[in-house]
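K.L.:
Could you have a look at this structure, given as structure tokens, before my questions?
The values are calculated or read from the model by the stated rules, or taken from the named source; none is laboratory data. All values reported here derive from a predicted model rather than from experimental measurement. All Cβ positions, glycine included, derive from the backbone under ideal geometry; neighbour counts span all protein chains shown.
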Amino acid sequence: MNISCPKCHLEFDPVRWNKFDLQLPIDLQLPTSCRVCDKCIDDSIRHTIVDQYITNRTKTNLTLTNKDFNFLLHLMALSDRFEFYNWFLREASKFELMNYSVFSSTPVTSVYPSKLGAVINFICKEYGNELFDHLYNGWDNHSDSEKRSIRESMRYHSWRGFSNSELFIIYLQEKDDKKLKIDLDSISTIFNKLFDETFNISIFSEKDLDILIDIMKNNTNLDSWYNFAEGLNRDSLIQLIRSFVYIENIKPISYQPSNSPIISLCKLLLRPYEEYDKAMKNVITCNGLDNDLVILINWVLNNSKNRYLPFGENNFSSHSLEEYGEFYSLFVKTSKEISSMEEVLSKKRDNILNEISSLREEISACNKKIAQKEVLVEQNCKSMERISNLKQLLDLNPIEKLEIISKNSKHLQYYPEFLINIDKKYISRLDSETRSSLKSKLKLVKKGYYKKLTKFID
């Protein structure tokens, strides 16, 4: 049976949909709007298909099976589950699919996240890390905002007690940890030179230095550097920090200064003191800092060109921990003052905007009243125009008036009865043309003198 595609309106043989119709009763079939030809099906329509199909399966109280999933792929015109992964990745990078407001961006119902979540949950359960592997392979091709959107689009409870997003984050971390270890092992001869207390950057050839920096730039996960550093003793860690600072002063070792691996190494050193102050940037308030750590912090502040070292926050180009403390205290104080000024100005602005809004409402009300009055004025002008037209008839006898009225396009009600009201004996003096014209006009009259006039003319 040939039917028309609801999108392009061309006839096509709906093989996909015939198969679907044969397998499900009528009350479980997808709406015809979903049944588009293969040329017209797109990512947006696929959302609708997922939404409707999972709804229909729910009606049957069935859990999603391999057969159900494969049939869903068939309806979506996807050849295999890897094409489904690609579709999910494209859409998840654009919309947070687990956000219940997703219906405003895609043609689905508001409960769509639970439906798509059931599909993703099924995939994670049945195919293990296959989806994660597929997503990971193209992970670095996405921006930070796209990555965040993808992770949020997997935020659905898992059969393992975690959300699929949490499982994916764990997976990414394990992958990044493994990649960093493999990369560093591959340059162990070069990398081990960094732990020499007499380290000098001149021991590296330009080629070896570029190799080392490329690896550092291509391993952007700071948590992986943190996890790697956990395997180092304290002295080695301190020396590695110093060596990295020397290199970073010559060439960037990260795409952004705020993402330097040195931050993670310093964080590990400061971890024992977090119990004194959870905010690492306030480590200056800790009383338990040992002398070696103070010396290192002072050295980093005095020697590094990176304003985010060693705390991962702005160091105000301080040359010592003491100096940083003074600058930071001033920063906190001035920030509060600025925030207070901003709050005052914000309130003033909001008050002014509220006043403007009220004034606009008043103006709107006034404009409405003006419009109403203008209508009355217009009506009055039309009435005055009528009076003027009627006055022109005053000098005429009734017969003459009727002759003019018969030729005028105005409705008879336009002319007051008192203006015309004459005895029937004068009607005979009207010519045939006038009588005929008046008859046509009088057909529309239901009562009053003009109704009587109909009888006089007849």
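K.L.:
Checking Ile262 against (1) surrounded by 13 or more Cβ atoms within 10 Å (Cβ to Cβ); (2) part of a loop (DSSP other than H, G, I, E, B), which test does it fail?
P.N.:
(2)
K.L.:
Could you please let me know if Val332 is more than 30 Å from Leu270 (Cα to Cα), among the β-branched types (Val, Ile, Thr) and out of contact with any Leu (no Cβ under 9 Å at 6 or more places or on another chain)?
P.N.:
no
K.L.:
Right, next: Criterion first (in the same structural domain as Tyr308 (by TED's automatic domain parsing), among the small types (Gly, Ala, Ser) and touching a residue at least 24 places away in the same chain (Cβ under 8 Å)) does Ser260 satisfy it?
P.N.:
yes
K.L.:
Identify all residues within segment 191-245 that are charged (D, E, K, R), part of a helix (DSSP H, G or I) and over 18 Å from Leu293 (Cβ atoms); write none if there are none.
P.N.:
Lys193, Glu206, Lys207, Asp208, Asp210, Asp214, Lys217, Asp223
K.L.:
Given the residues Asn282, Asn287, which is the only one that is modelled with pLDDT under 90, surrounded by fewer than 17 Cβ atoms within 10 Å (Cβ to Cβ) and not in a helix (DSSP H, G or I)?
P.N.:
Asn287
K.L.:
Does any residue of segment 338-346 turn out to be surrounded by 10 or more Cβ atoms within 10 Å (Cβ to Cβ), closer than 30 Å to Lys267 by Cβ and of a type outside the set (Lys, Arg)?
P.N.:
Yes: one or more hits.
Okay, residues lined up against (1) farther than 30 Å from Phe456 by Cβ; (2) surrounded by 10 or more Cβ atoms within 10 Å (Cβ to Cβ):
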{"position": "Arg349", "(1), (2)": "yes, yes"}
{"position": "Arg360", "(1), (2)": "yes, yes"}
{"position": "Ile370", "(1), (2)": "yes, yes"}
{"position": "Glu374", "(1), (2)": "yes, yes"}
{"position": "Leu393", "(1), (2)": "no, yes"}
{"position": "Pro398", "(1), (2)": "no, yes"}
{"position": "Lys401", "(1), (2)": "no, yes"}
{"position": "Asn408", "(1), (2)": "no, yes"}
{"position": "Lys425", "(1), (2)": "no, no"}
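Residue by residue, here is whether (1) outside the structural domain of Ile54 (by TED's automatic domain parsing); (2) buried (at least 18 other Cβ atoms within 10 Å of the Cβ); (3) under 21 Å from Asn219 (Cβ atoms); (4) without any contact (Cβ under 8 Å) to a residue 12 or more places away in the chain holds:
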site	(1), (2), (3), (4)
Lys115	no, yes, no, no
Asn121	no, yes, no, no
Cys124	no, yes, no, no
Tyr127	no, no, no, no
Leu131	no, yes, no, no
Tyr136	no, no, yes, no
His142	no, no, yes, no
Arg151	no, yes, yes, no
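K.L.:
While we're on this one: Which of the residues that make up segment 17-58 are surrounded by fewer than 19 Cβ atoms within 10 Å (Cβ to Cβ), farther than 24 Å from Ala92 by Cα and either aliphatic (A, V, I, L, M) or at pLDDT 70 or above (or both)?
P.N.:
Leu22, Leu24, Ile26, Leu28, Pro31, Thr32
K.L.:
Applying the selection to segment 428-458, what residues are among the aliphatic types (A, V, I, L, M) and either loosely packed, with under 12 Cβ neighbours inside 10 Å or at pLDDT below 80 (or both)?
P.N.:
Leu444, Val445, Leu453, Ile457
K.L.:
Could I ask something else about it? So which helices (runs of 4 or more DSSP H) are wholly in segment 365-445 and hold at least 3 residues that are not hydrophobic (A, V, I, L, M, F, W, C)?
P.N.:
Qualifying helices (runs of 4 or more DSSP H): 398-407, 432-442.
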